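The values are calculated or read from the model by the stated rules, or taken from the named source; none is laboratory data. Bear in mind that the values here come from a model prediction, so they are computed numbers and not experimental data. Cβ atoms come from the backbone with ideal geometry, glycine included; neighbour counts cover every protein chain shown. Each accessible area value is taken on the protein alone, full model and side chains, heavy atoms only, with ligands, DNA and RNA left out. Shrake-Rupley method; radii C 1.70, N 1.55, O 1.52, S 1.80 Å.
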Amino acid sequence: MIITVVGGGSTFTPGIVKSIAQRAKELDLDEIRLFDIDKERQDKVAVVVEWILREDVKTDVKLTVTNDEKEAYTDATFIFAQMRVGKYEMREQDEKIPLKYGCVGQETCGCGGMAYGLRTINPMIKVIDDVEKYAKKDHWILNYSNPAAIVSEACRKLRPNARIINICDMPIAIIDMIAESLNIKDVNNIRYDYFGLNHFGWFTSIDYKGRDLLAEIKEYIKENKILLPQSYIERIKKAQSVGNRHAVSSWNHVWSSVHTMLESFPEYLPNTYLTYYLLSKETVEHANPERTRANEVMESREKDLFEGVNKYLETGEIDEKTFYAGSHGDWISDLAVAIKNDTHARFLVITENRGAIPNMPYDAMVEVPAYIGKNGPEVIAMDPIPLFQQGLMMQQVNSEKLIVEACIENSYEKALQAFTLNKTVPSMNVAKQILDDMIEVNKGYWPELR
């Protein structure tokens, strides 16, 4: 049993590897392979990964670190994909260019998400083709690579028979926050229903052993005006009291915006990313065009990891901030366990609709619950969704489909249509300004648009 992690130089790789290693028996795991085109970065991350395997989890699972596709994929059963094409330098452009024109700057949503998508589509298709060539015939690609909605639409259109399951950990991260806020320890016993698109959906029920957590968390949010546990709220207050810049970080704004969205539309609990679409004006007003989320991550998670690697190499000591483990790694590793052992466990996946949501297009890539076994997802059908949510989703689906078509056809016009249609953009003239600026900075990454 071989698991290959594509994007082995990611800051998330150590946490993912720890989650895989902790499930080594369930997976009959023999080897983990890290694959990245950036050798220098991956070699540094591999130092921490080796420590996790040998000193933290204490396993004899083999570790291979490579920059060669054939070595990475030969005989692999699972391929965990988490590419970031252009790294954080390009994410910074994705966020700052839209803000320059008064639009949301975000890595996976709005114009930033579409820019990221145009960078990622062709590399993702290459991964699929390389895996098909070298890996086991019954392999599965479990894809975290963002923007997942656009990537999954491209895979559906360009490689419809690919053995790939697209997923996102944000809904489960929200469930983790709910559990901590309501003092629930065994998160695995929380069951929820959800519908939408990636980074664009709603929880319709959340249940824990007969308790209606959806009603409870709505009351909690109403009282605290934010969807964060008390420990987080206290840290924010403390940071504010001493003028710490992290007290006003972009992420805190997103969690507090859930309260605002629920005040007007209280029936369903929104995914936090809906902030960027339903409160785009307020998001822009809150943003700092000179210091976006990309800068926050580079100054925290990125900095902590590579400083931690250097410290370990010098002293042999690992700082707890060096790597992040948790729902991100657990979610994808549990998915692999469900496939390998044919458990039919319930997961949220991004998949072709095929009637699961009756009043959405058959070929829309929706995010819905499914039972997972050795043959992939068995989607759970649901009733028609309300007109408000359906209208928002249709606008977003068509924007995403247009950007994929722009990539395939090298079409400037379709890219401009995608930017214009997106709910975060107020006019076609603004869309054109943003698109033209992004074409300049993405030379070498994007297909040539004509």
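Numbers at a glance
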read-out	value
Pick from the range 88-126, criterion of a type in the set (Val, Ile, Thr) and open to solvent by 10 Å² or more (accessible area, probe 1.4 Å), ranking: nearest to LYS70 (Cα to Cα)	ILE125
Residue identified as closer than 22 Å to LYS96 by Cβ, surrounded by 20 or more Cβ atoms within 10 Å (Cβ to Cβ), modelled with pLDDT of 95 or more and more than 16 Å from the chain's Cα centre (by Cα) among TYR273, TYR277, TYR268	TYR277
Residues being more than 17 Å from the chain's Cα centre (by Cα) and either in a loop (DSSP other than H, G, I, E, B) or β-branched (Val, Ile, Thr) (or both) - total across the range 321-347	8
Residue list for the range 157-181, filter: open to solvent by 30 Å² or more (accessible area, probe 1.4 Å) and over 29 Å from HIS139 (Cβ atoms)	ASP176, GLU180
Identity of the residue in the range 308-339, hydroxyl-bearing (Ser, Thr, Tyr) and more than 23 Å from ALA81 (Cβ to Cβ), that ends up surrounded by the most Cβ atoms within 10 Å (Cβ to Cβ)	THR322
One residue from ILE3, ILE52 being more than 20 Å from ASN166 (Cα to Cα), open to solvent by less than 10 Å² (accessible area, probe 1.4 Å) and in contact with a Lys or Arg (Cβ under 9 Å, 6 or more places away or on another chain)	ILE52
Sole residue being in a loop (DSSP other than H, G, I, E, B), modelled with pLDDT under 95 and touching a helix residue (DSSP H, G or I) at 6+ places or on another chain (Cβ under 6 Å), chosen from THR59, THR11	THR11
Positions within the range 387-404 being touching a residue at least 60 places away in the same chain (Cβ under 8 Å) and more than 18 Å from TYR273 (Cβ to Cβ), in sequence order	LYS401, VAL404
Breaking point among (1) more than 24 Å from LEU274 (Cα to Cα); (2) open to solvent by 40 Å² or more (accessible area, probe 1.4 Å); (3) among the small types (Gly, Ala, Ser), for ALA381	(1)
Filter result (surrounded by 17 or more Cβ atoms within 10 Å (Cβ to Cβ) and either farther than 20 Å from ILE385 by Cβ or among the β-branched types (Val, Ile, Thr) (or both)) within the range 183-203	ILE184, ILE190
Contacts under 9 angstrom Cβ, first residue in the range 123-135 being among the basic types (Lys, Arg), partner at pLDDT 95 or above, 6 or more apart	LYS126/GLU69; LYS133/GLU69; LYS133/LYS70; LYS133/TYR73
Residue within the range 143-160 that is touching a Pro at 6+ places or on another chain (Cβ under 6 Å) and part of a helix (DSSP H, G or I) present	no
Residue match in the range 399-412 (condition: among the aliphatic types (A, V, I, L, M), within 19 Å of THR204 (Cβ to Cβ) and open to solvent by less than 50 Å² (accessible area, probe 1.4 Å))	no
Sole residue being outside any strand (DSSP E or B) and of a type in the set (Val, Ile, Thr), chosen from ILE350, ILE318	ILE318
Members of the range 340-374 found to be open to solvent by less than 40 Å² (accessible area, probe 1.4 Å) and either among the hydroxyl-bearing types (Ser, Thr, Tyr) or modelled with pLDDT under 95 (or both), listed by number	THR351
Residue in the range 55-72 that is closer than 12 Å to ILE3 by Cα and polar (S, T, N, Q) present	yes
